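Everything on this sheet refers to the single structure shown next.
The values are calculated or read from the model by the stated rules, or taken from the named source; none is laboratory data. Only a predicted model underlies this, so the values are computations on that prediction, with no experimental measurement involved. So basically every Cβ, Gly included, is an ideal-geometry build from the backbone, and we count neighbours across all protein chains shown. Quick note on the areas: whole protein, heavy atoms, side chains included, nothing else; ligands and nucleic acids left out. Shrake-Rupley method; radii C 1.70, N 1.55, O 1.52, S 1.80 Å.
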Amino acid sequence: MARKKKPRFVLGLMTVASIVSISFLLQVAGNPFLNSIFALLLFYTVLPMWICSYYFKKRGVKLRQVVFSHGIALWLLPIFALTLLIMIFSMSIYWLLLRALMSTAPALVTLFLTPEPLPDVFWYLAATGFVVAVVAPIAEEFVFRGVLLNQLMDVFGLWKGIGITSLIFAVFHLNFLGAFLFAVIASILYVKSGNLLAPVLLHSANNTLAVYQAFAGTSFMEWLTVTSVNDLYTKSAPNLIALIASTVLLLLIIGWMSRGLEQRRSPIR
């Protein structure tokens with residue numbers, strides 16, 4: 001047993017040493033953009049890799065058992081439709097949240113609506129966009145759906161596991177209700193397909209749209225986008241209609257996708 005643990009200990013020590021060395025070099029270089037990208041990559045690669053590799057190895061699961069391309073083509077159109085519906089729901093529920101806060105915390109609403117200036121550094125924006133749209137979805141889906149969901153389903157059962165996982169996921173996001181609903185759908189999609197690639201694609205598509213809206217300074221859903229306090233009132237009708245319609249459609253889709261879900265079994269479990 002000691003011989004098995006030694007290589008892992010040495011690898012961990014080398015990883016920590018490498019991280020510390022690179023961090024020191026970046027601090028010496030004094031480039032805040034490099035520091036930011038390194039921190040993002042560190043957060044979304046090293047920790048998730050350690051968590052997932054330990055969990056999968058403990059369960060005797062190979063990567064090809066949970067991520068595969070076979071049959072994924074059948075999910076591409078539903079994933080595209082779900083991405084649009086989730087985006088509409090998230091934007092309209094965000095509008096509702098800001099409208100509710102206006103009466104009690106108008107300063108907070110103003111803070112949320114104040115755009116953060118983007119640096120005029122193309123490589124930094126491109127690297128950040130890549131991390132957010134590609135690296136982060138892979139890392140978060142492996143950790144939340146691949147590890148946490150399976151562990152909680154083992155302990156509490158299917159629906160409690162999905163609910164608790166989704167709550168934990170939502171806590172780490174600004175738009176709590178939008179993130180919670182997204183996590184529920186991503187969890188059902190994973191259990192239904194038995195393939196982590198399905199929620200990864202959903203997550204990546206959602207983040208790609210968010211990156212486009214943030215970096216391009218425009219929105220393909222301008223009729224829903226709220227950028228000022230005035231928009232909270234002038235765009236009430238379209239946001240309210242979009243909220244009701246998207247909520248009904250998503251609940252119907254969740255109900256349809258949930259049929260026979262209890263009989264499905266994750267390859268990790």
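General observations
- Total residues in region 207-251, condition closer than 30 Å to Val147 by Cβ and touching a Phe, Trp or Tyr at 6+ places or on another chain (Cβ under 7 Å): 3
- Region 149-158 - residue that is part of a helix (DSSP H, G or I) and not acidic (Asp, Glu) and, of those, surrounded by the most Cβ atoms within 10 Å (Cβ to Cβ): Leu149
- Positions within region 93-109 being open to solvent by 60 Å² or more (accessible area, probe 1.4 Å) and more than 24 Å from the chain's Cα centre (by Cα), in sequence order: Arg99, Ala100, Ser103, Thr104, Pro106, Ala107, Leu108
- Considered as a group, the residues in region 139-148 that are touching a residue at least 60 places away in the same chain (Cβ under 8 Å) and not small (Gly, Ala, Ser) include one that is least open to solvent (accessible area, probe 1.4 Å), and that residue is Glu141.
- Residue within region 118-131 that is under 17 Å from the mean Cα position of the chain (by Cα) and buried (at least 19 other Cβ atoms within 10 Å of the Cβ) present: yes
- The residue that is most open to solvent (accessible area, probe 1.4 Å), counting only those in region 40-92 that are among the small types (Gly, Ala, Ser) and under 24 Å from Leu209 (Cα atoms), is Ser69.
- Restricted to region 34-131, the set of helices (runs of 4 or more DSSP H) holding at least 2 residues that are of a type in the set (S, T, N, Q) comprises 73-102.
- In region 19-58, residue farthest from Arg145 (Cα to Cα) [restricted to those that are modelled with pLDDT under 80 and hydroxyl-bearing (Ser, Thr, Tyr)]: Ser21
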